[in-house]
Amino acid sequence: MTIPKLPLGEAIEAAIDFLTENFSFITKAVSNVVENANEVLVENLEKIPPMVLILLIALLAWRLAGRRIALFSVAGLALIWNLGLWGATMATISLVIAATLVAISLGIPIGIASALFPLVNRIVLPILDLMQTMPAFVYLIPAIPFFGLGPVSAVFSTVIFAMPPAIRLTDLGIRQVPKELIEAADAFGSSRLQKLLKVQLPLARPTIMAGVNQTIMLSLSMVVIAAMIGAGGLGSEVWKAIQRFKPGMGFEAGLAVVIIAIIFDRITQKITHQGKTH
Amino acid sequence: MEKIKVEKLGKVFGKPSRQVLSLLDQGWNRERLAKEKGFALGLWDVSFTVEEGEVLVVMGLSGSGKSTLIRCLNRLIEPTAGSILIDGTDVRGLNEAQLREFRQTRFGMVFQRFALFPHRTVIQNVAYGLEIHGESKDTCRKKAEDALALVGLKGWEDNYPDQLSGGMQQRVGLARALAIDPGILLMDEAFSALDPLIRKEMQEELLQLQSRVGKTIVFITHDLDEALKLGDKIIILKDGRLVQQGTPEEILTNPADDYVEKFVEDVDMSKVLTASSIMKKAYSITWPKDGPKTALREMEEVGISSIFVVDRKRLLLGIVNADDASELIRKGISDLKEILKEPSRVTPDTSLTELFALESFPAAVVDESGVLKGAIVRGNIIAGLNRER
Ligand SMILES: Nc1ncnc2c1ncn2[C@@H]1O[C@H](COP(=O)(O)OP(=O)(O)OP(=O)(O)O)[C@@H](O)[C@H]1O
Ligand SMILES: [Mg+2]
């Protein structure tokens, strides 16, 4: 006797169908907002002449992370420009920025709630485990019926993929605040909110920033994968190279991804460690 | 007035039933409760009072329930049984908001490992309680500065705690507690993490501070010397129960059981005994009424070779010896001023160790206004060191 296959996949599909049919007004609204925001971002980034933007980024890197990263930024971005990947890079950066903003503005509050309320923690943890072990590609599929092909779906699946570290590290950072400091805060009669704002969050800041850093890195990698559902940007350069079997072209686009990854990473890491001194 | 009144205070960790608690009243000890019922006993049947301005020292071995006791007072640990009255208010009856207000205004707490906020500067740490209470920025700054000055840390306002030595950090901890001007200071082994010299210094300073600000203090320590130095009253806990309470003298001279005896055993008597406990009557004559002849006669009468000279208010003027007095009589002078010498002066709380180091005897024991209280001769000190306990 053969055991029939459980209709798990069918159930999920039915659920997604149901959601798309009945909640399309929400997904449409979200879609519009994200799409517009992303477009505004891309347009503005593209409007700035590359030369000026390179200098701006270098200046930012210099202020936040030091001279070496600033020099690296100038050289790296100039190379990208030279390779003709400027437009694709700007598209990718704006997707990363959009996805990261959404991911941390959801993830940090969820992380706080999870650290403070055991019930939330018990619900959130298994979901995070699931989110982080599920192959990234799978998130691309449900995004399409909700938001159609294009950057909004890309942002959606990127947010899902990149949010877990923001949640986890916020939760961890708050839990790691020494018990005796919590006790001191209590002994002076702090309310929950005062304790959170004056003691827990400031002390958790370096850990939370490490989470933000990871979220950015994951966003970047997911945005590239999301080219498969029409995200555009550097990912689609890689995708084209695969389809036409042009390893050189694929390498160039890959190199551009690495360059912006390094710039993002070093700048956010520096901010993280600055937080650690005080 | 009674500042703190604790009656039958009890804490059992976990959620014990009434029935379990009644076992404690039947005399079950911590070990039996843990083994047979699986509950951890923190405290049981602890009653004491602390008067306004008094320093209560809580002693006991590790795990005896000292920290539990001090945390029950401000309900950082929720008591299981008994009552706590602070200024007549039942602390256990306060709701959450009232409790917060109570903590913001009545209790200043100082912690063993300082528990300073590393992300706040010294002044921000000190102002923490004021900030929480909703004081204006200016008031916070002003009161925090005053508190810092009180502990001698003026000029360190903008440093971070990790830039300070241990002793200085604990001063910040003390200032943070004092800044809210609480009636009560709760100090849980506040000086235990400091090295011995700094610790001594902090004890002295706490006493000085206490004489100025007059707080009611509950002070936990392992160290009997510290307890004797600071405490007006000492309570001793053992396995969560109170085994003895009394003045330092009472506990030293009359330990309730072996457990207390163990604590008392190691006391260095030379540090505990003070000038006031070994001094003898000081023989004296009054200037300008008495002259050299009276002086000589007095000395002969009691068999001594020198005598203190005081004025009509018993303020110590000096000391004269028999040889000088005879010389004066031979010269026909009657004013003792000529031969007045300065004796060693000590205060009633000078320790035996310090007395031992004096060079000339007899030494005069005078109070802070200079009134002669007694005399120390070398024989007293030796006798004091050998005193039976
Ligand atoms: N949250 C808790 N749950 C269970 N048992 C506890 C808890 N807190 C304290 N205890 C127990 O209560 C007893 C008293 O602890 P407490 O911390 O008051 O001792 P202490 O006298 O301050 O000791 P020390 O000198 O080591 O600081 C100990 O046996 C301890 O294990
Ligand atoms: Mg303790």
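The values are calculated or read from the model by the stated rules, or taken from the named source; none is laboratory data. Remember, it's a predicted structure, so these values are computed and weren't measured experimentally. We place every Cβ from the backbone using ideal geometry, glycine too, and count neighbours over all the protein chains shown. Ligands, DNA and RNA are stripped out before the accessible areas are found, and what is left, the full protein with its side chains, is counted by its heavy atoms. Shrake-Rupley method; radii C 1.70, N 1.55, O 1.52, S 1.80 Å.
Here residue B:189 fulfils each of the conditions (1) touching a strand residue (DSSP E or B) at 6+ places or on another chain (Cβ under 8 Å); (2) more than 16 Å from ligand 2 (Cβ to nearest atom); (3) among the acidic types (Asp, Glu) apart from (2). Residue check: is residue B:100 charged (D, E, K, R) and within 16 Å of ligand 2 (Cβ to nearest atom)? Answer is no for this residue.
You will find that of A:182, A:167, the residue that is within 14 Å of another protein chain (Cβ to nearest Cβ), at pLDDT 95 or above and part of a helix (DSSP H, G or I) is A:182 and no other. For the structure I just gave you, tell me whether residue B:181 is in contact with a Lys or Arg (Cβ under 9 Å, 6 or more places away or on another chain) and on the phi > 0 side of the Ramachandran plot. Against the criterion (in contact with a Lys or Arg (Cβ under 9 Å, 6 or more places away or on another chain) and on the phi > 0 side of the Ramachandran plot), residue B:181 qualifies.
One line per residue, one yes/no per condition, for (1) acidic (Asp, Glu); (2) within 19 Å of residue B:119 (Cα to Cα); (3) surrounded by fewer than 22 Cβ atoms within 10 Å (Cβ to Cβ):
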{"residue": "A:188", "(1), (2), (3)": "no, yes, no"}
{"residue": "A:193", "(1), (2), (3)": "no, yes, yes"}
{"residue": "A:220", "(1), (2), (3)": "no, no, no"}
{"residue": "A:236", "(1), (2), (3)": "no, no, yes"}
{"residue": "A:266", "(1), (2), (3)": "no, no, yes"}
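If we scan the stretch A:139-157, do we find a residue that is within 14 Å of chain B (Cβ to nearest Cβ), of a type outside the set (Asp, Glu) and part of a helix (DSSP H, G or I)? No, the stretch A:139-157 has no match at all. Just so you know, in the stretch B:169-208 the residues that are among the acidic types (Asp, Glu) and within 16 Å of ligand 1 (Cβ to nearest atom) include one that is farthest from the other protein chains (Cβ to nearest Cβ), and it is B:189.
The set of residues from the stretch B:204-225 being open to solvent by less than 50 Å² (accessible area, probe 1.4 Å) and either of a type in the set (S, T, N, Q) or within 22 Å of residue B:9 (Cβ to Cβ) (or both) comprises B:210, B:215, B:216, B:217, B:218, B:219, B:220, B:221. Exactly one residue out of A:51, A:1 is modelled with pLDDT under 80 and surrounded by fewer than 16 Cβ atoms within 10 Å (Cβ to Cβ), and it is A:1. Being touching a residue at least 12 places away in the same chain (Cβ under 8 Å), outside the structural domain of residue B:217 (by TED's automatic domain parsing), more than 16 Å from ligand 1 (Cβ to nearest atom) and charged (D, E, K, R) holds for only one residue in B:135, B:145, B:131, and it is B:145.
Residues checked against (1) open to solvent by less than 10 Å² (accessible area, probe 1.4 Å); (2) free of Cβ contacts under 8 Å to residues at least 12 places away in the same chain; (3) outside any helix (DSSP H, G or I):
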| site | (1), (2), (3) |
| --- | --- |
| B:227 | yes, no, no |
| B:236 | yes, no, yes |
| B:245 | no, no, yes |
| B:251 | yes, no, no |
| B:256 | no, no, yes |
| B:261 | no, yes, no |
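Residue B:158 meets the conditions (1) away from chain A (no Cβ under 12 Å); (2) part of a loop (DSSP other than H, G, I, E, B); (3) in contact (Cβ under 8 Å) with a residue 24 or more places away in the chain; (4) not small (Gly, Ala, Ser) in every case but one. The failed one is (1).
Got at least one residue in the stretch B:121-136 being open to solvent by 30 Å² or more (accessible area, probe 1.4 Å), at pLDDT 95 or above and over 20 Å from residue A:199 (Cβ atoms)? Checked against the condition, which is being open to solvent by 30 Å² or more (accessible area, probe 1.4 Å), at pLDDT 95 or above and over 20 Å from residue A:199 (Cβ atoms), the stretch B:121-136 yields at least one hit. Here residue B:108 fulfils each of the conditions (1) surrounded by fewer than 23 Cβ atoms within 10 Å (Cβ to Cβ); (2) in contact with a helix residue (DSSP H, G or I) (Cβ under 7 Å, 6 or more places away or on another chain) apart from (1).
Give B:2, B:31, B:54, B:7 a once-over and let me know the one that is away from ligand 2 (no atom under 16 Å from the Cβ), out of contact with any Cys (no Cβ under 9 Å at 6 or more places or on another chain) and either hydroxyl-bearing (Ser, Thr, Tyr) or closer than 22 Å to residue B:189 by Cβ (or both).
None of the other options fit; the residue is B:54.
Looking only at residues of the stretch B:46-98 that are of a type in the set (Asp, Glu) and more than 15 Å from ligand 1 (Cβ to nearest atom), we find that the one that is most open to solvent (accessible area, probe 1.4 Å) is B:96.
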